[in-house]
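The structure under discussion appears below in the form of structure tokens.
No value in this document is a laboratory result; all are computed from the given coordinates. Source: prediction; values computed, not measured. Cβ placement follows ideal geometry from the backbone for every residue including glycine, while neighbour counts extend to all protein chains displayed.
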Amino acid sequence: MPTYRSLNLITLALSKGRIFEETLPLLKAAGIEVLEDPEKSRKLILTTNQPNVRVLVVRATDVPTYVQYGGADMGITGKDTLLEHGMEWGGSTSAAGLYTPLDLQIAKCRISVAVKADFDYAAAVKRGSRLKVATKYVAIAREFFASKGVHVDLIKLYGSMELAPLVGMADAIVDLVSTGNTLKANHLVEVEHIMDISSRLVVNQAALKLKQAPIRAIIDAFAGATGAIGK
Ligand code: AMP
């Protein structure tokens, strides 16, 4: 039987790197301070100043999985990751038992199609050519090109997508773009803006029922902090 302590303990899954750094001020504004630095510590479970809140540091793509299977009650990850995990476009819930109540407005970027500067994308689309597209975001790319009626062969990569057109492996890539500097440095140009991306709070729906009060308190604190930081 769950004890009072386990019903009060909230586990929050975060990913290392950019999202983590942008999450810290938001956590602080919500009254939660992580007591260890994940870049220095080898620990994967970090304590916070709130005795009932602990933080897991996992890979960005694993955040929805930890939350779905109850390893974490809630997490923070990009809309890109959630869509790849099966969240419906435009939806706030998914078949995976995940609830995404808040857009935290952090780690903002866009997901785009880019090609080599000398590749005539518009002409290739007009001709009805079959395009080779390299991406980590196969679900988003499949949905996007299907909605445009463009036939594509998707090549799954796990990083450095920019390389694929340069070495002749793909006609196009689908990747996250923030400043556009990475594309520019590799002589690639953005030809389609698929959608804007930002990080979302994601909550396990079963945990929300079991631990209503502490989870609602954190959602409300994040909502307040997002508003405060956005101003
Ligand atoms: P930029 O050169 O600023 O356009 O950044 C592009 C590179 O950073 C690409 O390799 C992206 O995959 C990565 N990137 C940009 N924004 C994000 C984000 N919000 N989350 C994770 N990776 C990102």
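Listing V67, V57 from fewest to most neighbouring C-beta atoms within 10 Å gives V57, V67. Counting charges near H85 (Lys, Arg +1; Asp, Glu -1) among other residues having Cβ under 14 Å from its Cβ returns a value of -1.
Computed over neighbours whose Cβ is under 12 Å from that of L14, the net charge equals +1, Lys and Arg +1, Asp and Glu -1. Can you give the calculated 222 nm mean residue ellipticity of the chain, where each DSSP H run of n ≥ 4 adds -39,500 (n - 2.57) and the sum is split over every residue, rounded to the nearest 500 deg cm²/dmol? After summing the helix terms and dividing by residue count, I get -9500 deg cm²/dmol. The C-alpha atoms of the chain occupy a region whose extents along the principal axes are 64, 35, 35 Å, arranged from largest to smallest. If the label point is 7 Å along Cα→Cβ of A206, which residues in the range 52-88 have backbone nitrogen under 11 Å from it? What the label zone holds, given the 11 Å backbone N cut-off, is 68-71. Close amide H contacts of Q50 (hydrogens built in the peptide plane, cut-off under 5 Å, sequence separation of 5 or more or a different chain): E33. I want the local charge near T47. Using Cβ-Cβ distances under 14 Å, sum +1 for each Lys or Arg and -1 for each Asp or Glu among the other residues. Once positives and negatives cancel, what remains is -1. Computed extension length for N8-E143: 44.6 nm, one decimal, from 0.36 nm per residue of separation with the Cα-Cα distance subtracted. Number of Lys pairs in the range 109-196 with C-alpha atoms less than 24 angstrom apart, excluding same-chain neighbours closer than eight positions? Taking the range 109-196 as the scope, the lysine pair count is 15.
Between the beta carbons of L35 and S129, assuming R0 = 45 Å, the FRET efficiency works out to 0.25 to the nearest 0.05.
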